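Colleague: Here's a structure for you.
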């Protein structure tokens with residue numbers, strides 16, 4: 001018998017001919033985004049390679065987180081005032097909340113936060129942007145103590161610091 005021309009070696013008499021398994025096409029350098037050939041990373045998605053983020057993107061994320069936290073604090077303060085007004089006058093909590101300037105302004109600030117968040121998402125991968133929300137935990141925790149005079153125990157602080165530590169790990173991790 002004759003030898004096979006493929007690299008599997010010679011064919012032995014009485015064995016079925018082997019068919020080489022198909023090989024995936026070679027990928028061109030730079031075309032290895034997420035392991036898929038022909039999908040080159042360009043634009044904002046390329047940020048996740050090494051997580052290099054511009055100062056503008058980081059500032060936009062921080063602005064979105066801080067305005068969301070501010071909106072939440074304003075909503076909480078507005079609801080405290082609406083609840084107190086309801087208890088004092090016996091009127092409807094819904095009406096008192098809907099007419100509270102703190103709640104209306106808090107919703108407006110929260111809307112600004114949503115717009116800033118959308119702008120940040122157009123620049124930064126969600127896997128990098130979303131952990132920034134963890135900073136909101138610290139901002140809200142600190143402000144609720146300082147502004148709303150709420151109390152927090154050591155476990156609350158520990159948990160919040162662990163969440164923010166996770167944020168730092170995610171942002172600094174290489175893919």
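Colleague: Using the number of other C-beta atoms within 10 angstrom as an exposure proxy, rank 77, 149 with the fewest first.
Modeller: Ranked by crowding around the Cβ, least crowded first: 149, 77.
Colleague: Taking N as the number of residues in the range 53-172, what value does Rg over Cα atoms divided by 2.2 N^0.38 Å take?
Modeller: Cα Rg divided by the expected 2.2 N^0.38 Å: 1.23.
Colleague: Taking 0.36 nm per residue of separation and subtracting the Cα-Cα distance, what length does fully extending residue 81 through residue 168 add?
Modeller: Length difference between fully extended and current span is 27.7 nm.
Colleague: Using 7 Å Cα-to-Cβ label points, what is the residue 54/residue 156 separation (nm, one decimal)?
Modeller: The answer from the label model is 3.9 nm.
FYI, it's all coordinate maths here, none of it is from the lab. Note that the structure is a prediction, hence the values are computed from the model and not measured. Cβ coordinates were reconstructed from backbone atoms using ideal geometry, including for glycine residues, and neighbour counts include every protein chain displayed.
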